[in-house]
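The values are calculated or read from the model by the stated rules, or taken from the named source; none is laboratory data. This one's a predicted model, so the numbers in the text were calculated from it and none came from an experiment. In this analysis, Cβ positions are derived from the backbone assuming ideal geometry, glycine residues included, and neighbour counts consider all displayed protein chains. Remember, those area values only see protein heavy atoms, side chains included, never the ligands or the DNA or RNA. Shrake-Rupley method; radii C 1.70, N 1.55, O 1.52, S 1.80 Å.
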Amino acid sequence: MLLRWPLSLTWRRETMGLVGLIILGVLGYYWPWSVFFNIDFLFGSIAVWLVLSLYGLWWGALAAIATASVTYFLWHHPYAIVIFTGEFLVVGLLYERYRINLAILNWLYWICLGVPLVWLFYRHVLAVELTQVQIVMLKQAVNGIFNALVASLILTYTPLHRWLGRPHTWNTLSLQQTLFNILAAFVFFPTLAFMAIGSYQVVDDITADKQHQLQDVAAHIDALINSGYEQHGKKMVALESLAMD
């Protein structure tokens, strides 16, 4: 009995950790960070990469499918599910085989496969306007690489595996990969912050500009209506004078 209790406690901690990560992944997709023009940043795949590293490929695949499925309710099409599930399959299989840095593997996926898939689905299947497709391509690539970078930093610099009662199953990053993560973090974090600040400013400027345009159009229409009433009134007066004559 004394031996079973610690094992049971560890099993519960592992199970609760797995369920908690999957829930966090679903919430990370369900509550996106809206930047502008319905462009959303999704952070659910951070939890997916943690599940992959801590619990293995099959549980990671379950987490990837469960979290990516939320995008159907966000955007009302299944193509993002294909893109994000493909991201996990490619990166997950390579990670299980070679134990390479998750951020580097995501770079390779988005450059070689992810961006072309976004172009195929959004441009040719959904017929989205060219400029918006280019924004979506950039956003999804940056978003995916950023999430993998965050997951790598969490795995490297926090004792998450001990908190969840999981063994340390990934290789220690080399100096080059560690420097890559640090430099990428210094690039990505400020870039996203400035992007958020700039996007809200752009939206405010566009909103103010459209309001001015609507006010100008409304004033022009009001002037046309008043002019029409005046001309109609003059015609009625002229008709009245002719009738009296």
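Just checking, does the range 85-106 include any residue being part of a helix (DSSP H, G or I), in contact with a Leu (Cβ under 7 Å, 6 or more places away or on another chain) and of a type in the set (Asp, Glu)? Within the range 85-106 (the criterion being part of a helix (DSSP H, G or I), in contact with a Leu (Cβ under 7 Å, 6 or more places away or on another chain) and of a type in the set (Asp, Glu)), the answer is yes, since at least one residue qualifies. Quick one: is His168 outside any helix (DSSP H, G or I) and modelled with pLDDT under 85? When the stated conditions are applied, His168 passes them. Mind checking whether some residue in the range 115-130 is under 28 Å from Val19 (Cα atoms) and surrounded by fewer than 21 Cβ atoms within 10 Å (Cβ to Cβ)? There is no residue in the range 115-130 that is under 28 Å from Val19 (Cα atoms) and surrounded by fewer than 21 Cβ atoms within 10 Å (Cβ to Cβ). Just to be sure before I move on: is Ala151 aliphatic (A, V, I, L, M), modelled with pLDDT under 80 and open to solvent by less than 90 Å² (accessible area, probe 1.4 Å) in the structure I sent? It is false that Ala151 is aliphatic (A, V, I, L, M), modelled with pLDDT under 80 and open to solvent by less than 90 Å² (accessible area, probe 1.4 Å). Candidates in the range 76-113 are the residues that are touching a Gly at 6+ places or on another chain (Cβ under 9 Å) and surrounded by fewer than 17 Cβ atoms within 10 Å (Cβ to Cβ); of these, the one that is nearest to Trp49 (Cα to Cα) is Glu96. Among the numbered conditions (1) in contact with a strand residue (DSSP E or B) (Cβ under 6 Å, 6 or more places away or on another chain); (2) crowded, with 20+ Cβ neighbours inside 10 Å, the only one that Lys139 does not meet is (2).
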